[in-house]
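Asks: This is the structure I want to talk about, given as structure tokens.
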Amino acid sequence: MTGQEDETDFKLDDTFTFFDEKYSRMMMRRINELRQHGAMCDVIIKVEDAQFLAHRNILSASSDYFLAMFNGNMKESKQEIITITGVNGESMKSILNFIYTGEIVLDWNNVELILQGANLMLVQSVKDACCRFLESRLNVTNCLGIQSFAETYACHELWHISSDYIYMNFVHVSESEEFKSISLKNLNILLASDDISVENEEKIYEALIGWIYHDLPKRREHFPDLLELIRLPLVSPYYLVDVVEKEELMSLAPKCRELLLEAQHFHMLPDRRASLDNGRTRPRNYERFHEVLIAIGGNGDFTNFTTAFSFNVITNQWNDLPKLPKDRGYHGLSNLGGQLYITGGYSTINSETLDTVMRYDVREKQWHNVPSMNSRRSKHGMVEVDGNIFVVGGFDGTSTVSSMESYNVQTNRWKTRAPMPTRRRCVCAVAHNKFLYIIGGHDGSSILNTVERYDTTRDIWNSTEVQPMRDRRSFPCAVVTEDNMYVMGGYDGNDTLRTVEMYNFTTNQWTSMPSMYVPRSNAGAAVFNKKIYLVAGWDGISLNSVECFDLSTREWQRLPSLPRPTTGVRCCFLSFQSSNEQKPKGKNGKGHFCIIC
């Protein structure tokens, strides 16, 4: 090998590549400072009565809209002042700030106008951020509006997600104010879909009747055509006779009677069903979507495993969930965005109070780690409000605490919140509108019957707004449905309770309700489709019994028992699919603001 070859080889190996991750952020900060001081700006963006200094090259690099404007033969390429219509001044200010900083603040007051402006000016990152904001706040009261919004601004993914959410939550969506105002065109599309998730076709028929009667003079003429979209042959024969046949609208047109007769023949002549093979006899994909009750409990009997089961409310069957990587009890449990979150708890393996957090991914059917809480806690309250998980109170391994913190899935961080006025453990937490309620528990010396309310918008607690309960309750369980809070069971210092109290948020009054079959504390509770489910718990021994309270009949009924006696159970509902693919489910609650950066 020659000396020249040696030198060449040495040079090829003698290289060093340096990359500074902070450099681009520093540069953008400096460029934004130049803009704020009007330095080297070469264009003025005029929107309504506002004017904004900017740099053509920065705008062009951030938006194809500006790139085409400044890099072609358009007259604006030579103009010093560019007037833009279709966006307001505040939205333009926010979008420009994002272009120069990569950060934007979104809330319900500005998201529509900012999305409109971002769509016009082809700032895709801001458009995506707006879609993420709306997706994270999908609920039954706004999903139809968000779907229409997504269609208007060509947000294709948001449109599909909101459509899936509408199908998955059809019964509750059909009871909303938005549904009453849905257009005839969109109602046709909805009723014709195979993807509606309901327990039976009767629910879809009732939704149609409700829509018609909301504006009967103007809508009654559409009933015969819309009735064709209802799969009457799949309706119960008793329902056909007792309800559909007696509906006055059925006499509007001969077509209605023909559809009813077709359904009756379907039930009366099963051997001829092949001749009735049409769209109305094809089942919708009911079984593709179903709400599943999740029950995860812990170390009531000091065993080295955690109970993790799901209960199908349609088939009344319990099934195993994947085992938690670390056994725990007296934890918190919540559903956020169709994912299951578990916080804290107590592990008997190392006799430690935990600060760790786990998330169960429905699609992958696996548990994942989430950033730990700021504090260790067990026997605490946990609830989701506006896309944030709140954990409050509990026991930190040494003492009863009053602290509270919240987790935001978008920032993936925990934030300290205002502490409760009263230290509490063995509590239950629920949410109603923008408020969080902490119920009963133990303050370290006595069992409580008080309820404290937290305003999530103002970070303020109130100890006197809610009247005390009639019974003192440690480890009660509670749910909220409509305008009422139901508190069940618990331990009053002498006995495990069977009693149930209902609190009305409007009247601020408690009312006694029918008692449970079984006294239980430290049980799990969740509500779905106007039924309250109570699972396992403690009554001197760990329980495996399950019961359900029907809010319509105000009666309790027994359900198949949990496979394993368990105390410290926590429950919630999740949406599953029969297939391996799980469609998205939005958040329950609107939220206030989010920061995208």
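The values are calculated or read from the model by the stated rules, or taken from the named source; none is laboratory data. Fair warning: this is a prediction, and the values are worked out from it, not measured in the lab. A quick note on method: Cβ atoms are made from the backbone with ideal geometry, for glycine too, and the neighbour counts reach across all protein chains shown. What goes into the accessible areas is simple: the full protein's heavy atoms, side chains included, and nothing from ligands, DNA or RNA. Shrake-Rupley method; radii C 1.70, N 1.55, O 1.52, S 1.80 Å.
Asks: Can you send over the solvent-accessible area of Glu245, 1.4 Å probe, protein chains only, in Å² to the nearest 10?
Replies: 80 Å²
Asks: Moving to a separate point now. By what distance, in whole Å, do the Cα atoms of segment 183-275 stretch along each of the three principal axes, largest value first?
Replies: Reported extents, whole Å, longest axis first: 40, 30, 22.
Asks: Name all residues of segment 137-151 having a backbone nitrogen under 19 Å from the label point set 7 Å from the Cα of Trp108 along its Cα→Cβ direction, giving them as ranges.
Replies: 137-150
Asks: Another question, if that's okay. If I model a spin label as a point 7 Å beyond the Cα along the Cα-Cβ vector, how far apart are those points for Val243 and Asn504 in nm?
Replies: With each label placed 7 Å out from Cα toward Cβ, I get 2.7 nm.
Asks: Using 0.36 nm per residue of separation minus the Cα-Cα distance, give me the extension gain between Ser183 and Arg564 in nm, one decimal.
Replies: Answer, rounded to one decimal: 132.2 nm.
Asks: With a Förster radius of 41 Å, plug the Cβ-Cβ distance of Asn374 and Ile44 into 1/(1 + (r/R0)^6) and report the FRET value to the nearest 0.05.
Replies: FRET efficiency, Asn374 to Ile44: 0.30.
Asks: How much space per residue, in cubic angstrom, does the convex hull of the C-alpha atoms of segment 442-486 take up?
Replies: Convex hull volume per residue, Cα atoms: 106 Å³.
Asks: Once you keep just the Cα pairs under 8 angstrom separated by 6 or more residues, what percentage relative contact order results for the chain?
Replies: 11 percent
Asks: At a Förster radius of 22 Å, what calculated FRET efficiency corresponds to the Cβ-Cβ distance of Asn97 and Tyr23, to the nearest 0.05?
Replies: So the FRET efficiency works out to roughly 0.60.
Asks: Run the numbers for Gln79 and His156: contour at 0.36 nm per residue of separation, minus the present Cα-Cα distance, in nm.
Replies: 24.2 nm
Asks: A further question follows. Ignoring ligands, DNA and RNA, what percent of the accessible area of segment 183-275 is carbon or sulfur (1.4 Å)?
Replies: Taking all protein chains in place, segment 183-275 shows 53 percent carbon and sulfur surface.
Asks: Size of the chain along its principal axes in angstrom, Cα-based, largest extent first?
Replies: 85, 74, 67
Asks: Under a 1.4 Å probe, what is the accessible area of segment 319-445 per residue, stated in Å²?
Replies: 37 Å²
Asks: Go from 0 up to the bin containing the longest alpha carbon distance in segment 290-576, width 10 Å each, and give me the % of pairs per bin.
Replies: Per 10 Å bin, starting at zero, the Cα-Cα P(r) for segment 290-576 comes out as 7, 32, 40, 20, 1 percent.
Asks: Once every Cα of segment 1-139 carries one equal point scatterer and solvent is ignored, give the base-10 log of I(q)/I(0) from the Debye formula at q = 0.12 Å⁻¹, two decimals.
Replies: Reported log10 I(q)/I(0), two decimals: -0.57.
Asks: Using the beta-carbon distance between His172 and Asn494 and R0 = 51 Å, what value does 1/(1 + (r/R0)^6) give for FRET efficiency, to the nearest 0.05?
Replies: In this case the efficiency is close to 0.80.
Asks: Would you calculate, for the chain, the mean residue ellipticity at 222 nm contributed by helices, counting each DSSP H stretch of 4 or more residues as -39,500 (n - 2.57) and dividing by all residues, to the nearest 500?
Replies: Result for the chain: -7500 deg cm²/dmol, rounded to the nearest 500.
Asks: Please give the contour-minus-distance gain from Lys434 to Thr315: 0.36 nm per residue of separation, less the Cα-Cα distance, rounded to one decimal in nm.
Replies: 39.4 nm
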